[in-house]
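Single-structure report; data block below.
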Amino acid sequence: MGPCWQCCYAPSERSPTTPSIPEFLLTFSFDPVVTIALAIGAVLYAWGLVAMARRGERWPAWRAWAFYVLGLGSYAWIQYGFLGTWSHDLRWAFTTRIALLLFMVPPLVALGGPITLMRRTLPPRGHAVLEAILRSQPVRLMGNAIFAPLVPLGGFLLFLTPLAAPLRLDSGWAIAITLFVPFGGLLMTLPIAEDTDSRSSNFIIYEFLLAIVEVMLDSIPGIFLRLHYTVLDMAPKITQTAWGAPLPAWFPNPLHDQHLSGDFLWFLAEIADLPVIIALFVRWGHVDRKDAKKIDDLSDEEYEAAVKAHLSGHPTHN
């Protein structure tokens with residue numbers, strides 16, 4: 001059991017416990033790792049746009065705008081802004097940052113259609129490599145709407161253990177989270193958003209039903225953080241910021257910090273699976289139209305044979 005911080009602070013010391021809106025919006029800190037990641041993403045996407053222009057093909061302007069402004073822009077705002085700056089010291093900034101890197105940034109990047117852009121611009125050998133990667137078992141598993149929501153659930157359960165403290169306080173883990181959390185989110189999001197993995201309509205129904213169940217499961221870590229009255233990560237109480245400055249007046253005590261962490265995580269987990277469900281609806285419609293076209297293309301004899309095979313329990317394969 002961790003130490004109970006519920007009664008360690010007088011009310012005057014616990015209020016206020018959140019920063020002002022201007023401070024939240026205007027806080028900025030430079031991160032070289034983030035800058036390198038942003039530069040790589042921006043250059044690779046720009047290379048694809050140039051390749052499209054050289055081939056005389058058009059790429060929707062809104063997709064490029066979405067990739068740079070919404071996708072890379074949201075990543076920069078999270079990492080350079082308040083959440084990235086205070087991630088070391090504040091539990092709620094740390095958990096909210098990870099949730100947004102996993103749930104918000106990848107869908108916004110996916111709006112730019114990076115997989116489609118690569119498919120249309122890569123040379124034959126590069127295209128073959130890309131397709132091999134997309135068909136590989138790890139990518140197919142990560143892009144499976146049944147498996148994908150279980151990844152954040154497993155990660156967020158770590159917030160209920162003492163392992164959460166080194167994840168938040170260690171600089172090596174900070175770099176790993178900065179790079180690999182959004183990358184993992186992309187692996188889960190892009191195959192679903194860009195329909196890179198063909199599924200049958202029945203399989204999509206199973207994905208859809210399980211995704212609804214996982215909406216409830218993903219909220220469990222946030223609920224436990226919010227309702228628990230001991231500090232679960234057992235980290236030592238912070239007396240000054242990571243850069244040696246005194247704590248601001250709004251800085252919460254450890255228990256309230258954990259409760260705020262649970263509040264934000266609970267909220268984000270409740271809405272995070274909605275894009276997955278929407279993407280499944282879109283994919284379902286796409287597969288249904290494809291199946292309908294196959295049926296329309298059948299001759300009368302082929303259609304009658306298919307119906308008989310279905311009724312007999314031995315479907316044909318055309």
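Couple of notes before you dig in:
- Using the Cβ-Cβ distance between Ala53 and Val33 with R0 = 30 Å, the FRET efficiency computed as 1/(1 + (r/R0)^6) comes to roughly 0.45.
- Alpha-carbon Rg/Rh ratio, for region 18-80, with Rh computed the Kirkwood way: 1.14
- The packing ranking of peptides 130-139, 236-245, highest mean first, is 130-139, 236-245, where packing means the average number of other beta carbon atoms within 10 angstrom of each residue.
- Whole-number D in µm² s⁻¹ for region 83-138, Kirkwood Cα-pair radius fed into Stokes-Einstein, 20 °C, 1.002 mPa s: 156 µm²/s
- For region 174-180, putting each phi into the Karplus relation 6.51 cos²θ - 1.76 cosθ + 1.60 with θ = phi - 60° gives couplings of 4, 5, 4, 5, 4, 8, 8 Hz, in residue order, rounded to whole numbers and with x for Gly and Pro.
- Over the C-alpha trace of region 32-130, radius of gyration and Dmax come out as 15.7, 51 angstrom.
- Averaging the sequence gap over all C-alpha pairs within less than 8 Å and six or more residues apart, then dividing by the number of residues, gives region 71-128 a relative contact order of 35 percent.
- For the pair Thr161 and Leu247, the difference between a 0.36 nm per residue extended length and the Cα-Cα distance amounts to 28.4 nm.
Here, each number is a calculation from the coordinates, and none is a lab measurement. None of these values were measured; they are calculated from a predicted model. Glycine gets a Cβ as well: all are built from the backbone with ideal geometry, and neighbour counts include every protein chain shown.
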